[in-house]
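The values are calculated or read from the model by the stated rules, or taken from the named source; none is laboratory data. Computed from a prediction, not measured in an experiment: that's the story for all the values here. Reconstructed Cβ throughout: ideal geometry from the backbone, glycine too, with neighbour counts over all protein chains shown.
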Amino acid sequence: MAKTTQEKPQAGPPKGRRYVGVTETAGFIAFAASVDVRVERNNEWVDRILFVDRGLQALFYPIRAIWDMVNDVFMAAIIEKTRTRFGKFKPYLILYPLYGLPMMMLLYLLPYVFPNSPGTGTMMSKAIAWVLMEMFNEFTETIGGIAKRGMRANLTPDPDERLSLLTKAKLLNIGTNVPKLLFPVFRDIISRSAKYTAVEANNKMRGLFMVFGISTLLLSAAMSLFFAIVGRERVFDPLSVEHDRAPTIKESMIALKNNRPMFMLMLSQILGSISIRSMLDTYTNSVLNFANFGTVSGLPGGPISYLGYAYLGKLRQRFSTKTLWILSENISKPVIIGIFFFGMIRTKTEVRGIHRMYMQLWPMLAAYAVEDMTLMTMYAAKKVLPDEIENEIIDYGEWKNGFRSEAMVGTLKGIAPKIANIFGETLNSLLMKLIGFRGGEDYLNQDEKTTDWIFAMTTILPTLAGFISLIPKFFYNINQKDREQMYTDLAVRRSAAMAAREQQRIAEAEGA
(Lines give C-alpha, C1' and ligand atoms only; values in the text may rest on other atoms or scores of the structure.)
Protein backbone atom coordinates (compact mmCIF):
# COMPACT_ATOMS: atom_id res chain seq x y z
CA MET A 1 0.00 0.00 0.00
CA ALA A 2 2.83 2.42 0.89
CA LYS A 3 4.43 1.80 -2.51
CA THR A 4 1.17 2.58 -4.26
CA THR A 5 0.84 5.80 -2.29
CA GLN A 6 4.23 7.00 -3.45
CA GLU A 7 3.74 6.04 -7.10
CA LYS A 8 0.17 7.13 -7.73
CA PRO A 9 0.57 10.92 -7.52
CA GLN A 10 3.70 11.17 -9.65
CA ALA A 11 1.81 12.94 -12.40
CA GLY A 12 1.02 15.82 -10.05
CA PRO A 13 -2.10 17.93 -10.23
CA PRO A 14 -3.96 18.07 -13.54
CA LYS A 15 -2.19 20.47 -15.88
CA GLY A 16 -4.12 23.66 -16.51
CA ARG A 17 -6.43 23.18 -13.52
CA ARG A 18 -7.79 26.39 -12.04
CA TYR A 19 -8.24 26.58 -8.27
CA VAL A 20 -9.46 30.15 -7.73
CA GLY A 21 -13.11 30.86 -8.56
CA VAL A 22 -14.82 34.05 -9.72
CA THR A 23 -15.69 35.42 -6.26
CA GLU A 24 -12.22 34.78 -4.92
CA THR A 25 -10.66 36.32 -8.04
CA ALA A 26 -12.78 39.43 -7.50
CA GLY A 27 -11.65 39.47 -3.88
CA PHE A 28 -8.00 39.20 -4.91
CA ILE A 29 -8.40 42.08 -7.36
CA ALA A 30 -10.00 44.19 -4.62
CA PHE A 31 -7.23 43.11 -2.24
CA ALA A 32 -4.53 44.24 -4.67
CA ALA A 33 -6.38 47.52 -5.24
CA SER A 34 -6.63 48.21 -1.51
CA VAL A 35 -3.06 49.49 -1.54
CA ASP A 36 -3.57 51.73 -4.59
CA VAL A 37 -6.70 53.37 -3.22
CA ARG A 38 -4.99 54.83 -0.15
CA VAL A 39 -3.71 58.41 -0.02
CA GLU A 40 -0.62 58.06 2.16
CA ARG A 41 1.18 60.57 4.32
CA ASN A 42 4.13 61.77 2.25
CA ASN A 43 7.16 64.01 2.75
CA GLU A 44 5.00 67.10 2.29
CA TRP A 45 2.78 66.02 5.17
CA VAL A 46 5.78 65.65 7.50
CA ASP A 47 7.74 68.67 6.23
CA ARG A 48 4.92 71.14 5.69
CA ILE A 49 1.76 70.09 7.55
CA LEU A 50 3.03 68.37 10.69
CA PHE A 51 6.36 70.21 10.29
CA VAL A 52 8.96 67.97 11.89
CA ASP A 53 12.41 69.44 11.31
CA ARG A 54 14.67 67.39 9.01
CA GLY A 55 17.33 67.29 11.70
CA LEU A 56 14.89 65.61 14.09
CA GLN A 57 13.78 63.24 11.34
CA ALA A 58 17.41 62.18 10.87
CA LEU A 59 17.70 61.68 14.65
CA PHE A 60 14.59 59.56 15.06
CA TYR A 61 14.68 57.50 11.88
CA PRO A 62 17.31 55.00 13.16
CA ILE A 63 15.17 54.40 16.26
CA ARG A 64 12.14 53.64 14.10
CA ALA A 65 14.16 51.39 11.80
CA ILE A 66 15.71 49.35 14.62
CA TRP A 67 12.29 48.88 16.21
CA ASP A 68 10.88 47.81 12.86
CA MET A 69 13.55 45.13 12.39
CA VAL A 70 13.16 43.68 15.90
CA ASN A 71 9.40 43.73 15.54
CA ASP A 72 9.59 41.99 12.13
CA VAL A 73 11.55 39.00 13.44
CA PHE A 74 9.40 38.68 16.56
CA MET A 75 6.09 38.74 14.72
CA ALA A 76 7.35 36.49 11.90
CA ALA A 77 8.32 33.82 14.46
CA ILE A 78 4.83 33.96 15.98
CA ILE A 79 2.98 33.89 12.65
CA GLU A 80 5.22 31.10 11.33
CA LYS A 81 3.99 28.81 14.10
CA THR A 82 0.33 29.70 13.65
CA ARG A 83 -1.86 26.78 12.67
CA THR A 84 -5.63 27.22 12.58
CA ARG A 85 -8.51 25.61 10.71
CA PHE A 86 -8.66 28.78 8.60
CA GLY A 87 -4.98 28.71 7.67
CA LYS A 88 -1.75 30.33 8.77
CA PHE A 89 -2.29 33.88 7.50
CA LYS A 90 -6.03 34.38 7.10
CA PRO A 91 -6.84 35.08 10.79
CA TYR A 92 -4.28 37.91 10.91
CA LEU A 93 -5.59 39.40 7.67
CA ILE A 94 -9.17 39.39 8.99
CA LEU A 95 -8.18 41.01 12.30
CA TYR A 96 -5.78 43.54 10.73
CA PRO A 97 -8.32 46.39 10.32
CA LEU A 98 -9.32 46.10 13.99
CA TYR A 99 -5.88 46.66 15.46
CA GLY A 100 -4.27 48.61 12.60
CA LEU A 101 -6.81 51.23 11.55
CA PRO A 102 -7.36 53.30 14.74
CA MET A 103 -3.77 54.51 15.14
CA MET A 104 -3.34 55.12 11.42
CA MET A 105 -6.40 57.36 11.50
CA LEU A 106 -5.23 59.17 14.64
CA LEU A 107 -1.97 60.15 12.94
CA TYR A 108 -3.89 62.43 10.58
CA LEU A 109 -5.19 64.30 13.63
CA LEU A 110 -1.72 64.93 15.05
CA PRO A 111 -1.24 68.28 13.23
CA TYR A 112 -4.37 69.54 15.03
CA VAL A 113 -2.83 68.72 18.39
CA PHE A 114 0.52 70.42 17.78
CA PRO A 115 1.02 73.82 16.11
CA ASN A 116 3.50 73.86 13.23
CA SER A 117 5.52 76.87 14.35
CA PRO A 118 9.08 76.01 15.43
CA GLY A 119 9.02 78.88 17.92
CA THR A 120 6.41 77.38 20.23
CA GLY A 121 8.78 75.02 22.00
CA THR A 122 6.69 72.00 21.02
CA MET A 123 8.87 70.68 18.17
CA MET A 124 10.51 67.93 20.25
CA SER A 125 7.24 66.86 21.90
CA LYS A 126 5.57 66.73 18.51
CA ALA A 127 8.43 64.70 17.02
CA ILE A 128 8.32 62.19 19.89
CA ALA A 129 4.54 61.76 19.58
CA TRP A 130 4.89 61.31 15.81
CA VAL A 131 7.65 58.69 16.19
CA LEU A 132 5.76 56.69 18.84
CA MET A 133 2.62 56.60 16.70
CA GLU A 134 4.62 55.61 13.62
CA MET A 135 6.30 52.82 15.59
CA PHE A 136 2.93 51.39 16.56
CA ASN A 137 1.81 51.63 12.96
CA GLU A 138 4.94 49.78 11.85
CA PHE A 139 4.05 47.02 14.32
CA THR A 140 0.57 46.60 12.83
CA GLU A 141 1.82 47.00 9.25
CA THR A 142 4.32 44.19 9.88
CA ILE A 143 1.54 41.81 10.86
CA GLY A 144 -0.62 42.88 7.94
CA GLY A 145 2.29 42.74 5.49
CA ILE A 146 3.29 39.20 6.48
CA ALA A 147 -0.33 38.04 6.23
CA LYS A 148 -0.76 39.67 2.81
CA ARG A 149 2.40 38.09 1.39
CA GLY A 150 1.48 34.70 2.79
CA MET A 151 -2.06 34.73 1.41
CA ARG A 152 -0.81 35.86 -1.99
CA ALA A 153 1.86 33.14 -2.16
CA ASN A 154 -0.48 30.34 -0.98
CA LEU A 155 -3.59 31.18 -2.97
CA THR A 156 -2.87 28.61 -5.72
CA PRO A 157 -0.22 25.93 -6.31
CA ASP A 158 -0.27 26.65 -10.06
CA PRO A 159 2.39 29.27 -10.99
CA ASP A 160 0.64 30.10 -14.28
CA GLU A 161 -2.65 30.76 -12.49
CA ARG A 162 -0.81 32.87 -9.92
CA LEU A 163 0.78 34.99 -12.65
CA SER A 164 -2.63 35.30 -14.31
CA LEU A 165 -4.18 36.51 -11.04
CA LEU A 166 -1.42 39.06 -10.50
CA THR A 167 -1.81 40.32 -14.06
CA LYS A 168 -5.61 40.61 -13.74
CA ALA A 169 -5.21 42.43 -10.43
CA LYS A 170 -2.91 45.03 -11.94
CA LEU A 171 -4.79 45.35 -15.24
CA LEU A 172 -8.36 45.52 -13.89
CA ASN A 173 -7.68 47.98 -11.09
CA ILE A 174 -8.92 50.79 -13.32
CA GLY A 175 -10.32 53.64 -11.27
CA THR A 176 -8.92 52.56 -7.93
CA ASN A 177 -6.35 55.35 -8.08
CA VAL A 178 -9.07 58.03 -8.38
CA PRO A 179 -8.46 59.28 -4.80
CA LYS A 180 -4.76 59.60 -5.58
CA LEU A 181 -5.60 61.55 -8.74
CA LEU A 182 -8.13 63.82 -7.02
CA PHE A 183 -5.96 64.60 -4.01
CA PRO A 184 -3.22 66.50 -5.91
CA VAL A 185 -5.90 68.41 -7.83
CA PHE A 186 -7.36 69.81 -4.60
CA ARG A 187 -3.86 70.21 -3.20
CA ASP A 188 -2.81 72.40 -6.14
CA ILE A 189 -6.02 74.45 -6.00
CA ILE A 190 -5.24 75.30 -2.39
CA SER A 191 -1.47 75.61 -2.55
CA ARG A 192 -1.29 77.60 -5.80
CA SER A 193 -4.13 79.97 -4.91
CA ALA A 194 -3.11 83.61 -4.49
CA LYS A 195 -5.98 84.35 -2.09
CA TYR A 196 -4.52 82.29 0.77
CA THR A 197 -1.62 83.24 3.00
CA ALA A 198 0.98 80.56 3.76
CA VAL A 199 -0.65 79.86 7.13
CA GLU A 200 -4.16 79.67 5.65
CA ALA A 201 -3.00 77.36 2.85
CA ASN A 202 -1.32 75.04 5.36
CA ASN A 203 -4.47 74.91 7.51
CA LYS A 204 -6.58 73.92 4.51
CA MET A 205 -3.97 71.36 3.44
CA ARG A 206 -4.10 69.87 6.92
CA GLY A 207 -7.84 69.23 6.52
CA LEU A 208 -7.35 67.87 3.00
CA PHE A 209 -4.84 65.27 4.20
CA MET A 210 -7.14 64.28 7.06
CA VAL A 211 -10.26 63.82 4.90
CA PHE A 212 -8.52 61.90 2.11
CA GLY A 213 -6.27 59.94 4.47
CA ILE A 214 -8.97 58.64 6.80
CA SER A 215 -11.63 57.99 4.13
CA THR A 216 -9.25 56.01 1.90
CA LEU A 217 -7.97 54.06 4.91
CA LEU A 218 -11.52 52.90 5.64
CA LEU A 219 -12.14 52.01 1.98
CA SER A 220 -8.83 50.13 1.76
CA ALA A 221 -9.61 48.16 4.92
CA ALA A 222 -13.04 47.13 3.58
CA MET A 223 -11.53 45.89 0.28
CA SER A 224 -8.83 43.94 2.10
CA LEU A 225 -11.35 42.44 4.51
CA PHE A 226 -13.52 41.21 1.63
CA PHE A 227 -10.64 39.15 0.26
CA ALA A 228 -9.67 37.92 3.72
CA ILE A 229 -13.18 36.48 4.11
CA VAL A 230 -13.52 34.82 0.68
CA GLY A 231 -9.85 33.88 0.12
CA ARG A 232 -8.41 30.43 0.81
CA GLU A 233 -4.90 29.12 1.42
CA ARG A 234 -4.22 26.15 -0.86
CA VAL A 235 -0.45 25.64 -0.65
CA PHE A 236 0.37 23.93 2.61
CA ASP A 237 3.72 23.53 4.29
CA PRO A 238 5.02 19.94 3.79
CA LEU A 239 6.11 19.86 7.45
CA SER A 240 2.56 20.62 8.54
CA VAL A 241 1.08 18.00 6.21
CA GLU A 242 3.59 15.21 6.92
CA HIS A 243 4.78 15.91 10.47
CA ASP A 244 2.16 18.25 12.00
CA ARG A 245 4.72 20.90 12.92
CA ALA A 246 6.01 24.26 11.79
CA PRO A 247 9.61 24.97 10.79
CA THR A 248 11.83 26.13 13.64
CA ILE A 249 13.64 29.46 13.60
CA LYS A 250 16.89 27.56 13.01
CA GLU A 251 15.39 25.78 10.00
CA SER A 252 14.17 29.10 8.62
CA MET A 253 17.66 30.53 8.98
CA ILE A 254 19.07 27.54 7.09
CA ALA A 255 16.45 28.18 4.40
CA LEU A 256 17.82 31.69 4.08
CA LYS A 257 21.34 30.37 3.70
CA ASN A 258 20.33 27.90 0.98
CA ASN A 259 18.12 30.33 -0.93
CA ARG A 260 20.46 32.05 -3.38
CA PRO A 261 17.73 33.95 -5.29
CA MET A 262 16.55 35.48 -2.02
CA PHE A 263 20.10 36.43 -1.11
CA MET A 264 20.55 38.15 -4.48
CA LEU A 265 17.28 40.04 -4.00
CA MET A 266 18.38 41.10 -0.50
CA LEU A 267 21.75 42.26 -1.76
CA SER A 268 20.16 44.23 -4.59
CA GLN A 269 17.80 45.90 -2.13
CA ILE A 270 20.66 46.74 0.24
CA LEU A 271 22.75 48.31 -2.49
CA GLY A 272 19.72 50.17 -3.75
CA SER A 273 18.94 51.44 -0.23
CA ILE A 274 22.44 52.68 0.59
CA SER A 275 22.05 55.60 -1.75
CA ILE A 276 20.36 58.94 -2.15
CA ARG A 277 16.59 58.55 -2.44
CA SER A 278 14.73 60.24 -5.25
CA MET A 279 13.10 63.46 -4.06
CA LEU A 280 10.57 63.67 -6.90
CA ASP A 281 7.58 64.46 -4.68
CA THR A 282 9.58 67.13 -2.82
CA TYR A 283 10.74 68.62 -6.14
CA THR A 284 7.28 68.73 -7.73
CA ASN A 285 5.62 70.03 -4.54
CA SER A 286 8.10 72.50 -3.05
CA VAL A 287 9.96 73.66 -6.20
CA LEU A 288 7.29 73.50 -8.93
CA ASN A 289 4.33 73.66 -6.49
CA PHE A 290 2.43 71.28 -8.76
CA ALA A 291 1.37 68.00 -7.14
CA ASN A 292 -0.37 66.88 -10.36
CA PHE A 293 2.98 66.72 -12.13
CA GLY A 294 3.08 62.92 -12.30
CA THR A 295 -0.52 62.69 -13.50
CA VAL A 296 -0.05 65.18 -16.33
CA SER A 297 3.38 63.93 -17.45
CA GLY A 298 2.04 60.37 -17.39
CA LEU A 299 -0.85 60.97 -19.80
CA PRO A 300 1.07 60.13 -23.03
CA GLY A 301 2.41 56.91 -21.51
CA GLY A 302 -0.99 55.67 -20.30
CA PRO A 303 -1.97 53.72 -23.45
CA ILE A 304 1.51 52.19 -23.65
CA SER A 305 1.20 50.84 -20.11
CA TYR A 306 -1.93 48.82 -20.90
CA LEU A 307 -0.47 47.46 -24.12
CA GLY A 308 2.28 45.93 -21.98
CA TYR A 309 -0.18 43.53 -20.36
CA ALA A 310 -1.02 42.07 -23.78
CA TYR A 311 2.51 40.77 -24.29
CA LEU A 312 3.51 40.15 -20.66
CA GLY A 313 2.68 36.44 -20.87
CA LYS A 314 4.82 36.00 -23.97
CA LEU A 315 7.68 37.94 -22.37
CA ARG A 316 7.40 35.71 -19.29
CA GLN A 317 7.65 32.57 -21.45
CA ARG A 318 10.55 33.83 -23.53
CA PHE A 319 12.70 35.65 -20.99
CA SER A 320 13.89 34.71 -17.54
CA THR A 321 12.81 36.52 -14.37
CA LYS A 322 16.30 38.00 -14.15
CA THR A 323 16.18 39.60 -17.60
CA LEU A 324 12.74 41.12 -17.12
CA TRP A 325 13.67 42.28 -13.61
CA ILE A 326 16.73 44.17 -14.88
CA LEU A 327 14.91 45.72 -17.84
CA SER A 328 11.80 46.79 -15.93
CA GLU A 329 13.77 48.61 -13.23
CA ASN A 330 16.39 50.31 -15.38
CA ILE A 331 14.96 51.02 -18.83
CA SER A 332 14.25 54.71 -18.12
CA LYS A 333 17.38 55.58 -16.15
CA PRO A 334 19.36 56.93 -19.14
CA VAL A 335 16.45 59.29 -19.85
CA ILE A 336 16.51 60.56 -16.25
CA ILE A 337 20.21 61.40 -16.60
CA GLY A 338 19.34 63.37 -19.73
CA ILE A 339 16.58 65.19 -17.81
CA PHE A 340 19.14 66.39 -15.27
CA PHE A 341 21.33 68.05 -17.89
CA PHE A 342 18.27 69.48 -19.61
CA GLY A 343 16.93 70.87 -16.35
CA MET A 344 20.20 72.56 -15.41
CA ILE A 345 20.23 74.69 -18.59
CA ARG A 346 20.12 78.41 -17.79
CA THR A 347 17.18 80.28 -19.33
CA LYS A 348 16.18 83.90 -19.75
CA THR A 349 12.85 83.26 -18.06
CA GLU A 350 12.89 83.83 -14.31
CA VAL A 351 10.71 81.91 -11.86
CA ARG A 352 10.99 82.89 -8.18
CA GLY A 353 14.38 84.45 -8.93
CA ILE A 354 15.81 81.31 -10.55
CA HIS A 355 16.95 81.00 -14.19
CA ARG A 356 17.01 77.22 -14.63
CA MET A 357 14.99 75.02 -16.95
CA TYR A 358 13.93 72.81 -14.03
CA MET A 359 11.87 75.76 -12.75
CA GLN A 360 9.85 75.86 -15.99
CA LEU A 361 6.77 73.68 -15.54
CA TRP A 362 5.87 72.87 -19.15
CA PRO A 363 9.37 71.95 -20.41
CA MET A 364 9.83 69.64 -17.41
CA LEU A 365 6.41 68.07 -17.98
CA ALA A 366 7.47 67.30 -21.56
CA ALA A 367 10.82 65.87 -20.42
CA TYR A 368 9.23 63.62 -17.82
CA ALA A 369 6.57 62.55 -20.35
CA VAL A 370 9.39 61.08 -22.46
CA GLU A 371 10.77 59.31 -19.39
CA ASP A 372 7.34 57.97 -18.49
CA MET A 373 6.65 56.66 -22.00
CA THR A 374 10.00 54.84 -21.91
CA LEU A 375 9.17 53.35 -18.53
CA MET A 376 5.68 52.31 -19.61
CA THR A 377 7.06 49.91 -22.22
CA MET A 378 7.95 47.67 -19.27
CA TYR A 379 5.17 48.85 -16.96
CA ALA A 380 3.29 45.55 -16.81
CA ALA A 381 6.47 43.65 -15.91
CA LYS A 382 7.43 46.28 -13.32
CA LYS A 383 4.01 46.01 -11.66
CA VAL A 384 3.67 42.22 -11.69
CA LEU A 385 7.25 40.98 -11.30
CA PRO A 386 8.00 42.12 -7.71
CA ASP A 387 5.15 40.00 -6.32
CA GLU A 388 5.99 37.11 -8.65
CA ILE A 389 9.68 37.23 -7.68
CA GLU A 390 8.76 37.01 -4.01
CA ASN A 391 6.41 34.07 -4.67
CA GLU A 392 9.07 32.38 -6.78
CA ILE A 393 11.66 32.77 -4.02
CA ILE A 394 9.32 31.21 -1.44
CA ASP A 395 8.68 28.26 -3.76
CA TYR A 396 12.42 27.93 -4.40
CA GLY A 397 12.97 27.61 -0.64
CA GLU A 398 10.41 24.81 -0.48
CA TRP A 399 12.06 23.12 -3.48
CA LYS A 400 15.53 23.23 -1.93
CA ASN A 401 14.71 22.75 1.77
CA GLY A 402 11.55 20.64 1.79
CA PHE A 403 9.39 23.12 3.73
CA ARG A 404 7.76 26.53 3.37
CA SER A 405 8.70 29.40 5.67
CA GLU A 406 6.84 32.34 4.16
CA ALA A 407 6.70 34.58 7.25
CA MET A 408 10.26 34.17 8.51
CA VAL A 409 11.89 34.02 5.10
CA GLY A 410 9.95 37.05 3.91
CA THR A 411 10.90 38.95 7.05
CA LEU A 412 14.57 38.00 6.92
CA LYS A 413 14.59 39.07 3.29
CA GLY A 414 13.36 42.48 4.36
CA ILE A 415 15.66 43.02 7.35
CA ALA A 416 18.85 43.71 5.41
CA PRO A 417 17.27 46.50 3.32
CA LYS A 418 15.87 48.01 6.52
CA ILE A 419 19.37 48.10 7.96
CA ALA A 420 20.47 49.88 4.82
CA ASN A 421 17.43 52.17 5.08
CA ILE A 422 18.75 53.49 8.38
CA PHE A 423 21.65 54.86 6.39
CA GLY A 424 19.65 55.88 3.34
CA GLU A 425 16.81 57.75 5.05
CA THR A 426 19.11 59.36 7.60
CA LEU A 427 21.45 60.45 4.81
CA ASN A 428 18.59 62.02 2.87
CA SER A 429 17.32 63.95 5.87
CA LEU A 430 20.82 65.16 6.78
CA LEU A 431 21.45 66.23 3.18
CA MET A 432 18.17 68.12 3.10
CA LYS A 433 19.19 69.86 6.31
CA LEU A 434 22.66 70.68 4.93
CA ILE A 435 21.34 72.16 1.69
CA GLY A 436 19.14 74.53 3.67
CA PHE A 437 15.73 72.95 3.05
CA ARG A 438 12.95 74.73 4.98
CA GLY A 439 9.58 73.31 6.05
CA GLY A 440 6.37 74.77 7.44
CA GLU A 441 5.26 78.10 5.98
CA ASP A 442 8.61 78.45 4.12
CA TYR A 443 8.07 75.17 2.24
CA LEU A 444 7.49 76.97 -1.09
CA ASN A 445 10.30 79.53 -0.65
CA GLN A 446 13.60 77.67 -1.02
CA ASP A 447 16.89 79.30 -2.04
CA GLU A 448 18.33 78.66 -5.52
CA LYS A 449 21.19 76.61 -4.11
CA THR A 450 18.65 74.46 -2.26
CA THR A 451 16.48 73.93 -5.34
CA ASP A 452 19.56 72.99 -7.42
CA TRP A 453 20.35 70.27 -4.93
CA ILE A 454 16.74 69.08 -4.69
CA PHE A 455 16.66 68.67 -8.47
CA ALA A 456 19.97 66.77 -8.46
CA MET A 457 18.67 64.53 -5.66
CA THR A 458 15.58 63.88 -7.79
CA THR A 459 17.41 62.92 -10.98
CA ILE A 460 21.10 62.19 -11.47
CA LEU A 461 22.31 61.38 -7.95
CA PRO A 462 19.86 58.54 -7.10
CA THR A 463 20.08 57.22 -10.67
CA LEU A 464 23.87 56.90 -10.67
CA ALA A 465 23.90 55.51 -7.13
CA GLY A 466 21.20 52.98 -8.09
CA PHE A 467 23.25 51.36 -10.86
CA ILE A 468 25.25 49.45 -8.24
CA SER A 469 22.12 47.50 -7.31
CA LEU A 470 22.26 45.93 -10.80
CA ILE A 471 25.20 43.68 -9.88
CA PRO A 472 23.34 41.10 -7.72
CA LYS A 473 20.54 40.82 -10.26
CA PHE A 474 22.94 39.19 -12.73
CA PHE A 475 23.51 36.36 -10.21
CA TYR A 476 19.82 35.53 -9.70
CA ASN A 477 20.02 31.84 -10.56
CA ILE A 478 16.49 30.76 -11.48
CA ASN A 479 16.52 30.47 -15.26
CA GLN A 480 13.64 29.26 -17.40
CA LYS A 481 14.74 25.61 -17.33
CA ASP A 482 15.20 25.56 -13.54
CA ARG A 483 11.86 27.28 -13.03
CA GLU A 484 9.99 24.65 -15.04
CA GLN A 485 11.79 21.83 -13.23
CA MET A 486 11.12 23.43 -9.84
CA TYR A 487 7.36 23.61 -10.34
CA THR A 488 7.21 20.10 -11.80
CA ASP A 489 9.01 18.69 -8.76
CA LEU A 490 6.89 20.72 -6.33
CA ALA A 491 3.66 19.50 -7.93
CA VAL A 492 4.74 15.89 -7.49
CA ARG A 493 5.89 16.38 -3.89
CA ARG A 494 2.73 18.22 -2.85
CA SER A 495 0.49 15.57 -4.41
CA ALA A 496 2.44 12.80 -2.68
CA ALA A 497 2.29 14.56 0.68
CA MET A 498 -1.45 15.18 0.45
CA ALA A 499 -2.10 11.59 -0.65
CA ALA A 500 -0.06 10.25 2.27
CA ARG A 501 -1.92 12.53 4.67
CA GLU A 502 -5.28 11.37 3.33
CA GLN A 503 -4.31 7.71 3.75
CA GLN A 504 -3.24 8.45 7.32
CA ARG A 505 -6.63 9.99 8.06
CA ILE A 506 -8.42 6.99 6.55
CA ALA A 507 -6.30 4.60 8.63
CA GLU A 508 -6.97 6.59 11.80
CA ALA A 509 -10.70 6.61 11.06
CA GLU A 510 -10.75 2.85 10.47
CA GLY A 511 -8.74 2.26 13.66
CA ALA A 512 -11.18 4.33 15.66
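Examine the range 392-404 for a residue that is in a helix (DSSP H, G or I), surrounded by 15 or more Cβ atoms within 10 Å (Cβ to Cβ), free of Cβ contacts under 8 Å to residues at least 24 places away in the same chain and of a type outside the set (S, T, N, Q), and state whether such a residue exists. Checking the range 392-404: not a single residue is in a helix (DSSP H, G or I), surrounded by 15 or more Cβ atoms within 10 Å (Cβ to Cβ), free of Cβ contacts under 8 Å to residues at least 24 places away in the same chain and of a type outside the set (S, T, N, Q). Residues in the range 316-331 that are more than 24 Å from Leu365 (Cβ to Cβ), of a type outside the set (Gly, Ala, Ser) and surrounded by 14 or more Cβ atoms within 10 Å (Cβ to Cβ): 9 in all.
Select, from Gly308, Gly338, Gly313, the only residue that is of a type outside the set (Lys, Arg), surrounded by fewer than 18 Cβ atoms within 10 Å (Cβ to Cβ) and modelled with pLDDT under 90.
Checking each option against the conditions leaves just Gly313.
Among residues of the range 129-140 that are within 11 Å of Arg64 (Cα to Cα), those with a Cβ under 9 angstrom from a residue that is acidic (Asp, Glu) and part of a helix (DSSP H, G or I), sequence gap 6+ or separate chain, pair up as Met135/Asp68; Glu138/Asp68; Glu138/Asp72; Phe139/Asp68.
Scanning the range 472-485 for residues that are surrounded by fewer than 17 Cβ atoms within 10 Å (Cβ to Cβ) and part of a loop (DSSP other than H, G, I, E, B) turns up Phe474, Phe475, Asn477, Asn479. In the range 79-97, the residues that are modelled with pLDDT of 85 or more reach residues that are assigned to a helix (DSSP H, G or I) and surrounded by fewer than 17 Cβ atoms within 10 Å (Cβ to Cβ) with C-beta atoms within less than 9 angstrom, at least six apart or across chains, in these pairs: Lys90/Ile229; Ile94/Ile229.
Looking across the range 78-93, the residues that are surrounded by fewer than 17 Cβ atoms within 10 Å (Cβ to Cβ) and under 14 Å from Ile229 (Cα atoms) come down to Arg85, Phe86, Pro91.
Here is the figure for the range 449-471: residues that are surrounded by fewer than 19 Cβ atoms within 10 Å (Cβ to Cβ) and either on the phi > 0 side of the Ramachandran plot or touching a residue at least 60 places away in the same chain (Cβ under 8 Å) (or both) total 7. Selection of the range 169-185 for residues being surrounded by 16 or more Cβ atoms within 10 Å (Cβ to Cβ) and over 19 Å from Ser220 (Cβ atoms) yields only Leu171. As a summary of the residue check, Ala228 satisfies the conditions (1) assigned to a helix (DSSP H, G or I); (2) modelled with pLDDT under 80 except for the one numbered (2).
Each residue in the range 286-303 was checked for being surrounded by fewer than 17 Cβ atoms within 10 Å (Cβ to Cβ), of a type in the set (A, V, I, L, M) and assigned to a helix (DSSP H, G or I), and 1 of them qualify. Within the range 1-34, if we keep just the residues that are among the aliphatic types (A, V, I, L, M) and modelled with pLDDT of 80 or more, the residue that is surrounded by the fewest Cβ atoms within 10 Å (Cβ to Cβ) turns out to be Val22. The C-beta contact set for the range 317-344 (first residue in a helix (DSSP H, G or I), second residue among the acidic types (Asp, Glu), distance under 7 angstrom, 6+ apart or interchain) comprises Thr321/Glu392; Val335/Glu371; Ile336/Glu371; Ile339/Glu371. I'd like the residue in the range 231-283 that is at pLDDT 80 or above, part of a loop (DSSP other than H, G, I, E, B) and charged (D, E, K, R) and, out of all such residues, is surrounded by the fewest Cβ atoms within 10 Å (Cβ to Cβ). Out of the qualifying residues, it is Arg234. For Pro159, the test of being at pLDDT 90 or above, closer than 30 Å to Tyr311 by Cα and in contact with a helix residue (DSSP H, G or I) (Cβ under 6 Å, 6 or more places away or on another chain) is failed.
Within the range 424-444, the set of residues being over 16 Å from Ala201 (Cα atoms) and part of a helix (DSSP H, G or I) comprises Gly424, Glu425, Thr426, Leu427, Asn428, Ser429, Leu430, Leu431, Met432, Lys433, Leu434.
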